[in-house]
Every structure is written in C-alpha cells, then in structure tokens.
Amino acid sequence: MDNGSLVFSFFLIFSGAALLATIALYTRQPLLVAYIVLGALLGPYGLQWIGDTRLLSDISHIGIIFLLFLLGLDMQPSHLVGMLSKSAVIGIASSIIFAAMGYFIAIAFDFSTLEAVIIGSAMMFSSTIIGIKLLPTTVLHHRHTGELVVSILLLQDVIAIIVLLFLYSHQQQDSSGVQLAIALAALPILILVAWLAVKFIILPIMQQFDRIHEYLFLVAIGWCLGLAELSNYVGLSAEIGAFIAGITIATSPIAQYIAISLKPLRDFFLILFFFSVGASFNLSLLDEVIIPALILSIVALILKPWVFRYLLQWLKEPLHTSWEVGFRLGQVSEFSILIAYIAASTQQIGTEASHVIQATTIITFLVSSYVVVFNFKSPIAVSDHLRRD
C-alpha cells in the first residue's frame, strides 16, 4: 500500500473523517473526538496506513496559525488591552498552581526532578484550539466570556513561548537569557511594524481592489503567513505573529469578509491537526503511562475549572461566567505536546515522561470537548439550542 503518497494520505484522512464524523453526529459525539480516534486508528501505531505523520503535523500547524489570525480579526485592540491587564493576575496565578500540581504528581510517580519540572510546565497551559474552536463567533463579538477566554489564552501563550525558548536554548546550547531578551524586545517592534504596514500598505491596496474578492483572499493569506514567519524569525511564535496580523486589521470593514472566507481553510488544516495528535501517540507505551496520565488528567480536569472560577470571582466576575470560562479552559494545551517533543528530542526527559504529557493532553482534549459541547454554546454542539457558529 502506498502510504508515502500525500494525496493518498489526504484521501484516507478526509474520507475517514467524513465517515467517522457522520457516525459521531448520529451518536451525538463531538467531532474532535472522531478526528483524534481516526489518527490513532490509521497512524503508524495503529493500522499503519499512514506511516509518517511528520509532514502532516507540519501542514496542520497552518490551521493553528489561521485560527489565531481569525481570532485577531474578531478582537478590537482597545478591548484587548483592557482585558489583558485584567487577566494578568489570573494567567500568572493559575500557571503557578497548575505547574505545582503537575510537578508533585510527577515526583510521586518517581520521575526525575527535571522531568517533573517539565511535566509541571506542560500542565500550565489550556488549549488555544479547544478554547477558541468551541467558542462561537457571536461570543467574541457580543459577550464578555469570549474576551476573558481569549485574554487568558494569550497570556498563557506568552508564558508558553518563554518555556519553549528555554527548551530551544538547551537544544542549541545558546544563552536562554539572551534569546528571551531578544524575543521580548522584538514584540513591540513587531506590533509597530505590523500597524504601519497595515495603515500605509495593506488596507490602501485592499480598499482599492475590494471588488476583486480573490485578491482580498490572497492578500489576507499572504499578510497572515508573512507576519507569522517574521514573528517566528525574531524568536516569537508564528501564532503570535498571526494574531497580531489579524488584530491590526480588525477595525477595517474588510475584516469580517476575510474572517468568513478563511473559515473553511482553517477547518481544513485543523482536521489535519487533530488527526496528527491521535496518530503521533505510541499506543504500545499505553500500559506504562496510563496511570500517571489518568491521575494528571483527572486532577487537571477538576482543578482547572475550580481555579479559574475562584480567580475570576475574586475579580468580581459573575459566578456563571466564571464557571463557563473555567470549563472552556479546563484541559491541557497543544503547547504541552510541543514541550514533550522538544524536551524528549534534547534528552531532557525520557520517552515515558514524554508520552505521559502526550497522553494527558489527549485525554483532557477529549473529556473537555465533551464537557463544553454538551453544556455550553459552541459551533459543534450536539443539541440545536446550544449550537452557535
């Protein structure tokens, strides 16, 4: 069987996803579950119909970039600044609590101190994809809940980038302090460059040719990926660059047209992302990692909503809003999988510790998706009265 062909791989992924998605809809299950299960089934540790998922994982990363770009398009800069300043305490305090939780559980299972620190670091973050993918656009526009979710996730992204910089610096034997200083100094410069480029180049040419929709589509993709690559080059993440690219044109009337036209492209790549998550997990190691992964998952799924709930109430947020934000952020992040990959590749953690992080991420992805889809408004809710795009 030609499992090296990209076309054949796409055929298996999207035909299989269509089949499993149909079954999921009839049985009232979240679609994300279908994509992850399909990856585990067809991937190199399942039926091996798709032997190498590295290329697919790289391609699927574009979906995360588009997701953050569309998120930026839906945010007003003035609102964002206010929400970030308000949620700074929440982001920092919750990260410390979750890191301590992961560290002590890892120590209890006899992982080394360094492995426990890295496992704890991986537990700090909530999933940008789950948090925003299951958040209706109407929430971002009209409800305070969406702004809280987004601001907390953005702060976590900054913390995640700092963790990744330290891991990368270990890999490259460079000074982590120098890299971190360069990245932090580059952020305001990148924002200024993006704002000037939009004001004097991007918006003028878009407005001049706004009747040619294909051209607007191309410029939007080029602007998103260009700033993402520039952000990556200066030591930040492509996701941060994509978000800046979106928010710099959020005040333009063209923003909503771009957001609508890019959604199908975003969903295409996100299906690949969730497939690669399932396919990358080595099922033969499940017996060795399932107990610590289950403990970490259960504690995270219970602790995260409670922590966010109490921190938000401390900031005088309503009880219902605090619980909803907590449950929407009640999982581990795709950043955690990246941390596991990098730390394992540099031999800072062993294979078992890496797969504990991966298994915990996948378990919390699945359970959290069920919780949100069955209880809160989302684009893929199983009941009609909760389904909002």
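Assorted remarks:
- Near pairs, Cβ below 6 angstrom, 6+ apart or cross-chain, from the range 276-288 (at pLDDT below 80) to any residue that is among the hydroxyl-bearing types (S, T, Y): S280/T53
- Checklist (1) at pLDDT 75 or above; (2) out of contact with any Cys (no Cβ under 6 Å at 6 or more places or on another chain); (3) over 30 Å from E288 (Cα atoms) applied to V81, failing item: (1)
- Selection from the range 26-62 of residues that are assigned to a helix (DSSP H, G or I) and either touching a strand residue (DSSP E or B) at 6+ places or on another chain (Cβ under 9 Å) or within 30 Å of W223 (Cβ to Cβ) (or both): L31, L32, Y35, R54, L55, L56, S57, D58, I59, S60, H61, I62
- Filtering the range 3-28 to residues that are more than 16 Å from G278 (Cα to Cα) and crowded, with 19+ Cβ neighbours inside 10 Å leaves only A24.
- Any pair with Cβ under 8 angstrom, 6 or more apart, that starts in the range 200-226 at a residue that is outside any loop (DSSP other than H, G, I, E, B) and ends at one that is surrounded by fewer than 15 Cβ atoms within 10 Å (Cβ to Cβ) and modelled with pLDDT of 85 or more: Y215/F209; L216/F209; V219/I205
- Screening L42, L47 for residues that are surrounded by 20 or more Cβ atoms within 10 Å (Cβ to Cβ) and in contact with a helix residue (DSSP H, G or I) (Cβ under 8 Å, 6 or more places away or on another chain) leaves exactly one candidate, L42.
- Residue list for the range 240-268, filter: crowded, with 20+ Cβ neighbours inside 10 Å and aromatic (F, W, Y): F243
- Pair list, Cβ < 9 Å and 6+ apart or interchain, from the range 327-343 residues that are more than 18 Å from L134 (Cα to Cα) and of a type outside the set (D, E, K, R) to residues that are modelled with pLDDT under 85 and outside any helix (DSSP H, G or I): I337/S280; Y341/S280
- Candidate set: the range 112-129, residues that are among the hydrophobic types (A, V, I, L, M, F, W, C) and not in a loop (DSSP other than H, G, I, E, B); chosen: the one modelled with the lowest pLDDT: I129
- Summed over the range 221-239, residues that are modelled with pLDDT under 90 and surrounded by 24 or more Cβ atoms within 10 Å (Cβ to Cβ) total 2.
- Answer residue from the range 193-250, given it is under 12 Å from L68 (Cα atoms) and β-branched (V, I, T) and is nearest to the chain's Cα centre (by Cα) among those: I240
- Complete set of residues in the range 1-35 that are closer than 16 Å to Y370 by Cα and modelled with pLDDT under 85: A24, L25, Y26, T27, R28, Q29, P30, L31, L32, V33
- E324 being surrounded by 19 or more Cβ atoms within 10 Å (Cβ to Cβ), of a type outside the set (K, R) and modelled with pLDDT of 85 or more: yes
- Total residues in the range 327-380, condition more than 19 Å from L303 (Cβ to Cβ), crowded, with 24+ Cβ neighbours inside 10 Å and among the small types (G, A, S): 4
Conditions (1) under 18 Å from the mean Cα position of the chain (by Cα); (2) at pLDDT 80 or above, marked per residue:
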site	(1), (2)
T53	no, no
L56	yes, no
I62	yes, yes
M75	yes, no
S87	no, no
S94	yes, yes
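The values are calculated or read from the model by the stated rules, or taken from the named source; none is laboratory data. All figures in this text were calculated on a predicted structure; none of them were measured in a lab. Ideal geometry is used to build each Cβ from the backbone, glycine not excepted, and the neighbour counts take in all protein chains shown.
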